[in-house]
Structure formats: C-alpha cells, structure tokens
Amino acid sequence: MVSLGFFGVIAVAGIALYTVSYYASDLPDYSQLKNYEPPIVTRLYAGDGRLMAEFAQEKRVFMSIDSMPPLVKQAFIAAEDKNFYEHPGVDFIAIFRAAIGNLKNIGTHKRPKGASTITQQIAKNFLLTNEVSYERKIKEAILANRMERAMTKDQLLELYLNEIYLGQRAYGVTAAALQYFDKSLDELSIAEVAYLAALPKAPNNYHPVRKKEEATIRRNWVIDRMLEDGYITQGQADMAKLEKLETIQDKEDSFVNAAYFTEEVRRELAERYGEESLYGGGLAVRSSIDPKMQAVAVKALRDGLMAYDQRHGWRGPVTHLDSLKGWQEALKAVAHPDGILETWKLAAVLDVKSNEASIGFDDGSKAKLPLEGLVWAREYRNHGYAQGPKITSVAEVLKAGDVVMVSPMQEEGSAQETHFKNAYELVQVPEIQGAIIAMDPHTGRILAMQGGWKYGISEFNRATQAQRQPGSAFKPFVYLAALDRGFTPATLVLDAPFAIEDRPGNIWSPTNYSNEYYGPTPIRVGVEKSRNLMTVRLADFLGMDVISAYAARFGVTENMPPMLSNALGAGETTLLKMTTAYAMLVNGGKRVTPTFIDRIQDRYGKTIFKHDDRPCESCGALIRWEDQTAPDVPDTREQIEDPRTAYQIVSILEGVVQRGTGVRIKSLGRPLAGKTGTTNESKDAWFIGFSPDLAVGVFTGFDEPRSLGKRETGSSVAVPIFKDFMEEALKDAPLKPFRMPRGIRNVQINADTGVRAQPGDEHVIWESFLIGTEPGDDMYILDGRGISLMPTVPGQPAGSSAVSAGADVGTGGLY
C-alpha cells in the first residue's frame, strides 16, 4: 500500500510537472510589466483649474501606489483578494473552495466560479485573453507565480489599481473616482471607495443609476468584507451602509464648455506631440482661457448675430402640423434644427389671437407668445435685403399648427413681469456667422474665443481658420508706416479723386464709403472717419513694398502682394492674426505670440512646455516667501515698433471711438480704442479694438460670402458685439488710461487744419506728437505733387515742395 501511495504521489507530481512544462513553454514575456506605462488620459484645464476636456481612448489617470490612500487599497483587497499579501500569486484555498462550488453546479449551466487573485487578474488583463477555460487558468497561474517572484506586491497592486476597468470608459481607480464622484481618491468616503471596489467583476451589472439597487447591495457586501478583515469598525460600516449611492457626472459647475477653444488646443497638441501622446500620454494641459470671459464672449457674439438676423426678417416656421389632433406626439417627432441653443424649445402654435399666441411643448405644458415677442419678425424678402411691413398682430406672423423655436422672455424685475410670466419670444438660428477673440496684449494669452454661432453645426473656426478680407481694419498699419517716416497725426492728406492703372488697360479708382470727397484732411480724421482715398494716396506715396513689410512684421499676412487695393484691406487674413497685430500696437510695439496653452506637464508632472519662457533664477515652487524683494524677470519680447509711434496710432484709434466709426462704444465711458472694417459690398464686417490691457477682435459675415445688406457695416454689426463684450468683461476693472511712453508731447491743435490751436478755434483737440515734431502755424499736405506747404492766407501761393518734419519722399503715382 505504501508503495502504491508513493508511486501515486510521484505520478501526480510528474503530471503536474509535465503540465507546467507544457503550458509554460509559450507564455508571453511578463518582464515588460516592470516598466509598463499604461495609456493615460490627457486632461485640459481652464485658467481657473476646472476641467475642460479629456482626450483618451480609455479614461485613465495614473497614481503611484505610495500616493494612494490606504483605504482604497484595503477596499479592493477585501473585495478581490483578501490573502493578497500572503499567497505566492495563486490562492490554493480559494481555488479549492471554487472547485467545490463548480462541482456542485455541474449540469446547472451556471458559469464556472473563479478564484483569481489580483496577480492572476493582472496576468489575464495584460498578457492573456478573457477566454473561459482551464487552459487559460493554468497559464494564468504560472504567470502569476513568476510575476510574484519578479515584482513586489506593491508593484503588482499599483499595476492593478491603475489598469482595472471600472465602467463608463474609466480605467483605474483615480479616473473612476473622478468619473463617478468628481473627487480625488483622498476625498472619497468609505461608501464611495466600497462602490468602486464593487465594480471590477462586472461594472455594467452595478450601474449607479440603471441598477442602483444591485449596486447598493454589492457595495454593502464590500463594506462587510472590509469590516470582516479589520479595515473599518462596526460603526464605520453601519454609517457607510446608510449613505445613499449618489454619483455626480458632468457636473455643470465643475466643467468649462468651450468647444471651439478645446478643439484648437487638441489640434495643437496633436501637431506638437502626435496622436499617440495626445490620447494616451497622460498630459496635463493648462489653457489660458478665462471661463467668465468666455461666457461673456459667447453671449455677446450670439446676441449680436441674432440682432443682425432679426433686422433682416423672419424666414418662417420650422415646419407645419396639418392637424392639431395629437399635436404633442407630432411635435416630439419633429427634428431639432441645427444650431438650436440649449435654452431654446420647439413649440407648436395652438391658437392665435391678435395680441398673443398659445403654444405647447412636447411635454404637454403650455405657454404664451405675446406680440412683444415677435414684433421683429417682418417678412424676409430678397435674401434678407428687404423686409415686409411692420408687425401689428401675431396673426401676421403665425398660424395654428406652425412649429417654431422659442426662448423664455427675459423681463424679470420689470413693470411687465406679470404680463410676461410664462411667456416666450420667437427666435430663429441666424444665417450669418461670426467670431470673437479676447487676448492679453502683453503676453498673447487667448482669454476667450468663440469661432461661430454653435460648435455642433460647424466645427469650422472662424476665429482661426477663416481667411477673410479685413477691409478698413488694416488701415492703421498704413498710417503707422507714415508716422514712422516723419508724418504726424496732424499732417494733411488730400481727400480727392484718385485713379491708377493697376494692370494693363485697367484703371482702378476707389471711392469713400460716402461717395464724397473732403479735401485736405488730417491723418487722424482720415483714420477716425475711415477715408479710403486718403489711405490709398498715402500708401501710394510710401510705396506698397513698405506697407507689405508692415503687414508681415505685425503678422497680418506674410507675403502681401504690393497692390494698392491691399492698403484698403483686400488681402485675406484671420481674426486671430488681426487681433494679435492690434495687441502689438497697444502693448507698445512688443512682439507677442498668441497662445491657447499656458503650460503642459507629462504624466510624471514634469513641465515640458511653458508659454512664458522668461528666465528667472529666483523663481520656483520651493522658494520660501520671507518678504524678500520680488524677482526681477526680464522682458524678452522683441521690440518691433517704436513705442512712440505705436502710441500715436493708439491715440488715433481712441479717436475712432470718441468721434469716428466706433462712436457707439463711447457711451461705456472708459478708455477704449479700435477700428471698424467693412469690405466691398459689405461682405465682411469687423471691429478690432482694445483697452490698455485687453485686445478684442470681432468678425461677422456669411460662410459663403455675400452682402450683409444696405447700410450694414462694421459699425452696425461688429461694433455692438465688441461693446457688449467690453461692457461686461470690464465692468469691475478700474478706469485706466492708455500708457504713454517717454518722448511724446501732447499739444492742442485745430482738429480741422492740424496747426496749433488759436484763440477762437472751435474744434480743438489734444494731439500726440513725437518731441520735436510739434506743429507750428504752417500746414503741410500730401497731394498729387507730393508733400507741399499749404497757403496759410487765402490767395497766397503754395509753399515749396520741401518735406516737413523729415518725411521721406515716396514713389509718387497717378492721381
């Protein structure tokens, strides 16, 4: 008997050795796990630290085992592998228990029970398949044993807790804590940790909303295991079970929604680091966006586009219901139009009276649409270039059965509050598009950007991708070139007919917007009133090669053809480039590079990109503050323009707001400057402007360029958007004048003639001159002969053609 028993043991051992040898011959290499770097989600943060977006195929945030709270580790060990720190990779007691259970279930068609340790789960998840078979279990056990000998328990647990799938695209406990509870691991309660530990077996079976009861039962089972293993007390367990299972996903106040901005950052990251690093590199990206300013920008742009759209009429209902019988179900079947906003609703018109309409929503609720909510809806005629008669009755616009878009009326707190309670106004998605950008002019940081009406209907970003003609918004750079060549803001330029042969056999003869001529006019007035003829005459005198060089220097366009029409903004550029160019005017002529990203860190927290790359030896996170002198950080920005002439242009552009085409902005009562831009046939309308510390650009126009309509210009379309934005964005900012550099002297002049002000002059302004170029009593004019001294007394012969104040002689031309 002893011999038989001995040989039996030998036989079993031999079979075991053969089995191990057989299955171990082609096992995958597990040594790679020592240096394994799992793909980790790249996260984009707003300027205030809130999350904007995650870029990943799998949501995973890596955390080292030493940084994980003990409670997290204990919960998963209690739920998945209570003997984790004792077994050699395989828990034979658990295997025996599972085997007994599986023998009892033979013939019941129940799925075989497993006894996989955490180490075995790592082997399966990283190196094997999910196949349910004894062959895979044998390979799993062999690999687990080998891994235990090659790696420490903490290394294995770190792999497991960062890799395990916990539902809703979340991989690893850190990502799951953020996904389900919007918390870091050290903020989780016992109940929340227990819920996460309940998920590895089957996350879909314990969904916190759809299967809340099953999820709660499983969570409480984990709490019991934690109590049984001594990780928590009885009191803690009881309190944890009483806690309701509540998850918080996509919490509005913790998330910044700025789709155009996010996509711009995503493209830059993909270009800089490649798709693999973007979607799996675990980058932490700190953007420059100011969420409050972004919200203001979105509202200002949308309000401006709607105001323009409503001025041009009502294009009709979304659809019409032939019968109001069953209107609620019929309304549910109507597809929402592209571009409808989240606060808008589709409504069916149920009844129409002269002063209001009764409307119903797909949930069965009803409201009213008063006459005041649709007086704008005059008939849309001739592609919006004409309108029908004024609206005096709701019945002139709507009829029963119409399906329309409506928005809640905003009349709270007014005398009409009672009248407009539960009232809506008629709205429609504008056909016109536009964009707005807000930038810190001293750093180039983009604080806000909206590239269109709504990202969902078009991913095309009109702030960064749309190449459009800036029109008169380019003119300041023509005048800047003149100031750099000895002209002053008071120099007169002849506003008179101008013609030139721009190509063989073709005479180009531009006109002013008003089709009038104004004679000798100071440069300041030419900018303020946006005079085309003065600008062309000046550009022709200076030479278009000079103007093209300025366009390149300020980043408007790299290779502007030296054609005179480009002096009026005929060359295409983007809103981002134009806004950056204006920023370099107000910041004193310093070069800035626009950026959407402040800083990028890799998965280990190392900074791999920083927009502010100024050297600072005394800066750093480890320096203790002891009331020492603040570090002197050098200004490394390239000086691309004389700060004195840059200031002169800023002063002139301030006059645009005070007296010129941007005068609608004057009512804000703070130092603001800028320039309108309107292209031929009013196809594009711009306003680019700034305060001393904020540069803002606005573009409006149709994606398929066509006229915005008669009398629609940058002043009527873009300026109101700029004004609304600045009013809200700067409402808490102190009044601050534009910074005047050394070398400037302000002198009172006659605004009409450009000479020093005399007693009795009515139109007197302060003008900024470079010291040494202040005006006397002589008036100089650029006309068809060059720069000449104008007669100061009627009938006196014109002076010599000598150039005043050292101005360079230009190329001349045909006039």
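What follows is calculated from the coordinates using simple rules that are stated; it is not laboratory data. Owing to the predicted nature of the structure, the values given are computational and were not obtained by experimental measurement. All Cβ positions, glycine included, derive from the backbone under ideal geometry; neighbour counts span all protein chains shown.
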Once a ≥ b ≥ c are taken as the square roots of the eigenvalues of the Cα gyration tensor of region 655-696, is the result rounded (a/c under 1.5), prolate (a/b larger than b/c) or oblate (a/b not larger than b/c)?
oblate
I need the calculated FRET efficiency for the pair Ala270 and Trp508, taking r as the beta carbon distance and R₀ as 30 Å, to the nearest 0.05.
0.10
Full extension between Leu51 and Asp703 adds, at 0.36 nm per residue less the Cα distance, a length in nm of 231.6 nm
I want to check the label-to-label distance for Ile771 and Glu342. Put each point 7 Å from Cα in the C-beta direction and report it in nm to one decimal.
5.6
Do any GluC sites (Glu not before Pro) in region 424-533 lie in a loop, going by DSSP, with at most 15 other beta-carbon atoms within 10 Å of their beta carbon, and if so which?
Glu459, Glu516
What share of all Cα pairs of region 293-452, in percent, falls into each consecutive 10 Å distance bin?
10, 34, 33, 16, 5, 1, 0
Give the lysines whose C-alpha is closer than 16 Å to that of Lys577, dropping any in the same chain fewer than 8 places away, or say none.
Lys475, Lys590, Lys675
Distance between modelled label sites at Asn559 and Val747, nm, 7 Å Cα→Cβ extension
4.4
Classify region 427-491 as rounded, prolate or oblate from the Cα gyration tensor: take a ≥ b ≥ c as the square roots of its eigenvalues, call it rounded if a/c is under 1.5, otherwise prolate when a/b beats b/c and oblate if not.
prolate
Suppose R0 equals 41 Å. What FRET efficiency, 1/(1 + (r/R0)^6) with r the Cβ-Cβ distance, do Asp66 and Ala295 give to the nearest 0.05?
0.55
What residues from region 627-669 fall in the zone where the backbone N is under 16 Å from a label point 7 Å along the Cα-to-C-beta line of Glu516?
660-661
Peptide ranges 533-540, 53-60 listed from the most packed, as the mean C-beta count within 10 angstrom indicates:
533-540, 53-60
Work out, step by step, the length gained on full extension between Asp224 and Ala499: first 0.36 nm times the residue separation, then minus their alpha carbon distance; give nm to one decimal.
89.9 nm
Given Cβ charges of +1 for Lys and Arg and -1 for Asp and Glu, the option among Phe554, Ala539, Val493 whose Cα lies farthest towards the positive end of the dipole of region 489-623 is Phe554
Using just the Cα positions, wrap region 211-333 in a convex hull and report its mean projected area in square nanometres, one decimal place.
16.7
Starting from the Cα of Lys201, draw a straight line to each of the aspartates and glutamates and keep only those under 14 Å, dropping any in the same chain fewer than 8 residues away.
Glu80, Asp81, Glu163, Glu214
To the nearest 0.05, how large is the calculated FRET efficiency for Asn355 and Lys244 if R₀ is 56 Å and r is the Cβ-Cβ distance?
0.70
